[in-house]
Amino acid sequence: MQYSMKYIFGFAAAVCFVCSILISTANVALRERQEVNKLLDKQKSVLQAAWLVQPGEKVDRARVEEIFQNIRPRVLDVTTGQLLDAAGEDEFDESKAPEMPAPDNNAGIRTMPEKVQIYEVMEDGRVTMLVLPIVGKGLWSTMKGFLALDADGRTIRGLTYYEQAETPGLGGEVDNPRWKALWPGRLAYDDAGKPAIQVIKGPAGTPEEAPYEVDGLSGATLTSRGVTNMLQFWLGENGYAPFLKSFGKSGRA
Ligand SMILES: Cc1cc2nc3c(=O)[nH]c(=O)nc-3n(C[C@H](O)[C@H](O)[C@H](O)COP(=O)(O)O)c2cc1C
């Protein structure tokens, strides 16, 4: 049977129309679920950075919510180093936070948010850990993650990346639990209060032997350098240093 051109085009247009309606409906209907899953993913990364869940541990939403009972999300004004009134994650939309030009840096950061969501890990009413967002360039990609610090504002409790597109097996090893296990116990700042932590080329030794150094990722010196550069930036005066100093002094820890 032969169909006319008009019929063929009309049929194709009708199929496209129906499919686009289906896709838009699915998109709208699933948006809320996507947002919930995005938040859940981020919360899991916060827990991984703080080693409140172990690598490979399966954690469902209920477990994340249970652990988050003891985690207080706060909004930090990076420009002043001051915490704003307690604000839940639902009240602060990071993607809408105003951006400002970043001062000169080696981490490939051109603009930075004026306000960020940070997390206070609580135990018996006291803050025992701070989980701070970090972002910067690796070799191929912008890497986003969290740095967990002890309440002393100096001792590293963990580092994790939840978004990066470095080469698997090379720079992608930032995600390797064995590499992440090298971070707890190292020191972010030296005795003079200068950001000192860095990823070196080759092995660094234990935190006691090398408190300011972490093993380089083999075959991935450039990604390793990216990690160092972003930590130096975010731990510096233009990042979290003013907040961490006042946090230590306030005795809230
Ligand atoms: C296909 C390909 C992918 C690479 N991916 C990465 C990467 O993700 N991170 C990185 O630092 N270097 C990567 N490199 C290697 C860099 O080009 C560079 O050689 C390396 O960072 C040097 O590190 P090394 O001194 O430890 O060998 C890649 C190289 C190739 C050919």
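Structure remark: mean-square fluctuation, Gaussian network model of the chain, C-alpha springs under 10 Å; the largest value among Leu149, Leu83, Leu130 belongs to Leu83.
Convex hull volume of the C-alpha atoms in the range 185-253, normalised per residue: 87 Å³. Comparing mean-square fluctuations of Ala26, Ala241, Ala102 from a GNM of the chain with C-alpha springs under 10 Å, the top value falls on Ala26.
Equivalent ellipsoid of the chain: semi-axes from √(5λ) of the C-alpha gyration tensor, largest first, are 40, 23, 18 Å. Full extension of the segment from Gln2 to Gln34, taken as 0.36 nm per residue of separation minus the current Cα-Cα distance, would add 7.0 nm.
Scoring 56-62, 180-186, 207-213 by mean Cβ neighbours within 10 Å over their residues and listing the highest first yields 180-186, 207-213, 56-62.
Excluding same-chain neighbours fewer than eight residues apart, the lysines reachable from Lys42 by a Cα-Cα span under 25 Å are Lys58, Lys96, Lys115, Lys137, Lys144, Lys180. Placing +1 on each Lys and Arg Cβ and -1 on each Asp and Glu Cβ, with no other charges, gives the range 96-177 a dipole about its Cα centre of roughly 220 debye.
Evaluated on the range 81-224, the Kirkwood hydrodynamic radius is 16.6 Å, with distances taken between all distinct Cα atoms.
Looking at the range 24-125, the chymotrypsin sites (Phe, Trp or Tyr not before Pro) that sit in a DSSP loop and have at most 16 other Cβ atoms within 10 Å of their own Cβ are Phe92. Each label was represented as a point 7 Å from its Cα along the Cα-to-Cβ direction; for Ile200 and Met122 these points are 4.1 nm apart.
Taking a ≥ b ≥ c as the square roots of the eigenvalues of the alpha-carbon gyration tensor, the range 25-152 is classed rounded because a/c is under 1.5. Is the range 148-197 best put as rounded, prolate or oblate by its Cα gyration tensor, with a ≥ b ≥ c the root eigenvalues, rounded for a/c under 1.5, and otherwise prolate when a/b is larger than b/c, oblate when not? It comes out prolate by the Cα gyration axes.
In units of the compact-protein estimate 2.2 N^0.38 Å, the range 139-253 shows a Cα radius of gyration of 1.04.
Taken together, the values in this text are just the output of simple stated rules run on the coordinates, not laboratory data. A quick note: this is a predicted structure, and the numbers were derived from the prediction, not measured. All Cβ positions, even for glycine, are placed from backbone atoms using ideal geometry, and neighbour counts span all protein chains on display.
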